[in-house]
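Shown next, in structure tokens, is the structure this report addresses.
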Amino acid sequence: MKRPSIKDIASLAGVSVATVSYVLNRKEGQRIGEETRKKIFEIAETINYTPNKIAKSLKTNRTKLLGLIVADISNEFYSHMARNLEDKALKLGYTLIIGSSDENAEKFKKLTELFSEQQVDGMIVAPVAGSEQTLENLINIKYPIVTIDRYLKGVAIPGITIDNQEIAESTAGLLIGKNFNKIIYVGYETELSHLLDRQHGFEKAVRASENPVEAHYLLVGLENIAQEVHLKLGKMLGKTPENTALYFSSNKLAVAGLSYIVKNNIKVPEQVSVVAFDETDAYDLFPTEITYIQQPIEEMAEEAIKLLDGQISNYTVTGKKVTLSAKLISNASLK
């Protein structure tokens, strides 16, 4: 016979999984009415819901579990971030549970529900486009949550990010100062604010230039990235470019672009200079060392765990953002 779950209680009570989690954890301060609380406890008793994790954590109201939702754990940026978060969390006695949203709002929502069901004390998330309501629901019940790497405009959640616009602008300014015939910005068709900040920084540098800049924008969707990058570079860059710079706004885009460069025997940096946002071990397979923008992953992880632990211990309604700086690591791919 199937063991009763928090999801069953939520369905019977007509509330969210997160709400049931908070009530059963006997946490104080969230905006949940007494009638709803009573209903949840009655349903839990009726269906004989007695999870071990609840029993073990009644005295402390803590499970010492944290949930982490990233876009794609196979992306090296997120795998390195997860490793650092895990290490920092362990020092405070927490265990990290990890899930990938695949940039899908429905999957993101289901992961938050799953983590709530697992009684995690708090969550660190890289929100996806369209997840505003899911986050607002967590805010409404005062669930400790911190964003990392990215943010959603209009959603007041504490978070850690870098100044994407600043580093994008300064890097673009460096490229403009080298007088390339053409600079191609390779980015995403997206609503995600942190990625738009990178594009806006590039655009700002182009507008501020005292000399004319031939800037082009190659934007792709979040699926079939390699195919789209190859197809559009074929039209925009060709096979015999001269004095051109490619500015990739993510390591995933950079890997796709470098694949095109290798396939067409284009010389770096003689014909094309390359700059990429974020690093990846895949760059080691390319014959020329790639110039890239390095994010302070360890520092971001440290600040995120510190911020979340503070929210767990003493929840406050805040949209506090910790903004860190990235730096450009210059290598042979930029002439």
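The values are calculated or read from the model by the stated rules, or taken from the named source; none is laboratory data. These numbers were taken from a predicted model, which means no experiment stands behind them. Positions of Cβ are backbone-derived with ideal geometry, glycine not excepted, and every protein chain shown enters the neighbour counts. Please note that ligands, DNA and RNA were not included when accessible areas were found on the heavy atoms of the full protein model with its side chains. Shrake-Rupley method; radii C 1.70, N 1.55, O 1.52, S 1.80 Å.
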Note to self: Need one word for segment 158-205: rounded, prolate or oblate. Basis is the Cα gyration tensor (sqrt eigenvalues a ≥ b ≥ c); a/c below 1.5 gives rounded, then a/b vs b/c decides.
What the structure shows: oblate
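Could you please state how large a percent of the accessible area of segment 198-261 is carbon and sulfur, counting protein chains only and using a 1.4 Å probe? Show your work: numbers first, answer last.
On the way: 1570 of 3100 Å².
Ligands and nucleic acids excluded, carbon and sulfur give 51 percent.
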Check: Just how much of D278 is accessible, in Å², when a 1.4 Å probe is used and the result is rounded to the nearest 10?
Finding: 10 Å²
Next item on the list: With everything on Cα atoms, drop me the angle between helix 225-236 and the longest principal axis of the chain, reported from 0 to 90° to the nearest 10.
Entry: 30 degrees
Check: Can you give the relative contact order of the chain as a percent, counting alpha carbon pairs under 8 Å and 6+ residues apart?
Finding: 17 percent
Next item on the list: Calculate the length of the line joining the C-alpha centroid of segment 267-324 to that of segment 206-238, in whole Å.
Entry: 23 Å
Margin query: Please compute the per residue accessible area over segment 200-335 with all protein chains in place, 1.4 Å probe, rounded to a whole number of Å².
Written below: 50 Å²
Check: What residues have an amide H closer than 5 Å to that of V125, excluding those fewer than 5 places away on the same chain, when H is modeled at 1.01 Å from N in the peptide plane?
Finding: I69, V146, T147, I148
Notebook entry, point to check: Measuring with a 1.4 Å probe in the full set of protein chains, what accessible area per residue, in whole Å², belongs to segment 127-181?
Noted result: 35 Å²
Check: Under a point spin-label approximation (7 Å from Cα along Cα-to-Cβ), what is the E136-S209 distance to one decimal in nm?
Finding: 4.1 nm
Margin query: Accessible area of segment 84-191 with a 1.4 Å probe: how many percent of it is carbon plus sulfur?
Written below: 45 percent
Margin query: Using 0.36 nm times the number of residues separating S330 and S313, minus their current alpha carbon distance, what extension gain do you get?
Written below: 1.9 nm
Item checked: DSSP bridge orientation in the chain - percent antiparallel, rounded to nearest 5 -> 5 percent
Notebook entry, point to check: Equivalent-ellipsoid semi-axes (√(5λ), Cα gyration tensor) for segment 232-306, whole Å, largest first?
Noted result: 29, 11, 10
